[in-house]
Structure formats: C-alpha cells, structure tokens
Amino acid sequence: MDPELLSLLVTRTMPFGKYQGHLIADLPGPYLAWFARKGFPKGELGRLLALMLELDHNGLSGLLDPLRTAPRAWPGQPPGDSPAKPAVVKASGAGASSAGPSGAATSPNRPAKP
C-alpha cells in the first residue's frame, strides 16, 4: 500500500455530490458502498474512494488518525523539518483600543460599562 495515498485520504476533499467539501476520510461507509455498487469515478478520486471503502469496511479507519494530527509540511520544506510556527501579530497603534467615557480602554466589540 502506498503511504502517500493514505495521506491523501485526510487532505483531499470530495469535489462533488452530497458530501462535496468533506474529507474523503470522513465520508460515511454507506456512501462509499454506493459508489462501489454504481462504479467508482475514474482516476485518482476513484482509487481514493475504493481505498477508503476498504479501510472503512475492515474497521481500519483508525489508521488515519495519526495522519490527521501530524504537523503539516509547508511546500518546499525539507523532509523531517517541523513546520514553522506562525508569527503572532499584536495589535498596536491608534486603532488598537479606544477609551470609553470613563477613560478605561474598551474592546471594539464591547461597549464601555457605565
């Protein structure tokens, strides 16, 4: 079995139909079985759906859990390097906070307490 196909199951989404936008790994078993009866699409999508049906039917969907929680690599990142943490941007400047009538800073989403 190609490990790359397993990682595709948790990254590719269904491009059409009732479950459009859902990860292939999250498609329900009866939907996968329907494809098996009617015929899988051609190409990579059909191979992924058939693989997911096999995993689901044999109770092996749990094999995909470590792939769901593994850190995602950035494009062009060397293998084995962990992804960089995104920079935290703190608001500053004139628009960061406003003073209410009492002079206390207030959140832009919350009015000042009287």
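Selection within the stretch 53-68: residues that are over 17 Å from the mean Cα position of the chain (by Cα) and in a helix (DSSP H, G or I). The member of this set that is nearest to MET14 (Cα to Cα) is LEU53.
Counting only residues that are without any contact (Cβ under 8 Å) to a residue 24 or more places away in the chain, surrounded by fewer than 14 Cβ atoms within 10 Å (Cβ to Cβ) and not in a strand (DSSP E or B), the stretch 2-23 holds 9 of them.
In the stretch 29-54, the residue that is surrounded by the fewest Cβ atoms within 10 Å (Cβ to Cβ) out of those that are touching a residue at least 12 places away in the same chain (Cβ under 8 Å), under 16 Å from LEU64 (Cβ atoms) and of a type outside the set (A, V, I, L, M) is GLY29.
Readers should treat all values here as calculations from the given coordinates under stated rules, not as data from a laboratory. Everything numeric here is computed off the predicted structure, so don't read it as measured data. With ideal geometry, Cβ positions are generated from the backbone for all residues, glycine too; neighbour counts draw on all protein chains shown.
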